[in-house]
Amino acid sequence: MSDAEAIIKSVTGSGVLTLTINRPQRRNALSTAVVQGLLVALAQAKGDPAVKVVVLTGAGERAFCAGGDLAGSMTGGGGLPARVADKAAYADLLRALQGLGKPSVARVNGSAYGGGVELMLACHLVIAADEAQVVRARTWIKRLDRTRNADERRLFVYFDGSYRNLERNL
């Protein structure tokens, strides 16, 4: 699959832009191409007055998003500089969703793991299928909590609070 096929974009006449992470064979894991594709699509949506709402989903029925791709990029295939760049791009993606200026909806059609949970919680509204599962990766969040970047710490607190509220309401 090429980088261009990592994200499928479709828009309705009523202004609903659907962004589909198109890696069902990897449970829609976040690769560098997926993160970059979502960043580009969100930037375009933010500047397009015809887009009224953004829906984020994953291809297939097994997973919304499995978080970082443990077998590919996003885990340091290019060494430390690549890992740092991938984490920075992922943080930019979460900020782009939060700063979109338009409603965003996570359509959770399967499991959400680790970074997929954070992606889901960065949206304004989460609509989950009955069989959807949400699994948070605690080791990554523990490392994130010790970060020196104040923005990332605030992001952690926001997501942690949102996750607990979501958990109580399920």
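Every residue, every condition in (1) in contact with a Ser or Thr (Cβ under 7 Å, 6 or more places away or on another chain); (2) over 15 Å from C65 (Cβ atoms); (3) among the β-branched types (V, I, T); (4) at pLDDT below 95, yes or no:
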residue	(1), (2), (3), (4)
M1	no, yes, no, yes
A4	no, yes, no, yes
V11	no, yes, yes, yes
S14	no, yes, no, yes
I21	no, no, yes, no
R26	no, no, no, yes
L30	no, no, no, yes
A33	no, no, no, yes
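Starting from the range 14-36, keep only residues that are open to solvent by less than 50 Å² (accessible area, probe 1.4 Å), then list their pairs with residues that are at pLDDT 95 or above and assigned to a helix (DSSP H, G or I) whose Cβ atoms are within a distance under 8 Å, requiring at least 6 positions of separation or different chains.
These pairs meet every condition: L17/A41; L17/A45; L19/L38; L19/A41; L19/L42; I21/L38.
Determine if the range 69-84 includes at least one residue that is surrounded by 22 or more Cβ atoms within 10 Å (Cβ to Cβ) and at pLDDT 75 or above. Write out each step before concluding.
Taking the range 69-84 and keeping what is surrounded by 22 or more Cβ atoms within 10 Å (Cβ to Cβ), we get 69, 74.
Next cut, at pLDDT 75 or above only: 69.
Within the range 69-84, one or more residues are surrounded by 22 or more Cβ atoms within 10 Å (Cβ to Cβ) and at pLDDT 75 or above.
Anything in the range 83-117 that is farther than 23 Å from K52 by Cβ and basic (K, R)? List them, or say none.
R83, K87
Out of the residues in the range 122-145 that are at pLDDT 90 or above and open to solvent by less than 30 Å² (accessible area, probe 1.4 Å), which is farthest from G67 (Cα to Cα)?
C123
Criterion first (touching a Gly at 6+ places or on another chain (Cβ under 8 Å), small (G, A, S), open to solvent by less than 20 Å² (accessible area, probe 1.4 Å) and at pLDDT 90 or above) does A45 satisfy it?
When the stated conditions are applied, A45 does not pass them.
Only one of these is part of a strand (DSSP E or B) and at pLDDT 90 or above: A96, A112. Name it. Spell out how you get there, then give the answer.
Working: A96 fails: part of a strand (DSSP E or B).
The conditions single out A112.
The values are calculated or read from the model by the stated rules, or taken from the named source; none is laboratory data. Everything numeric here is computed off the predicted structure, so don't read it as measured data. Glycine gets a Cβ as well: all are built from the backbone with ideal geometry, and neighbour counts include every protein chain shown. Please note that ligands, DNA and RNA were not included when accessible areas were found on the heavy atoms of the full protein model with its side chains. Shrake-Rupley method; radii C 1.70, N 1.55, O 1.52, S 1.80 Å.
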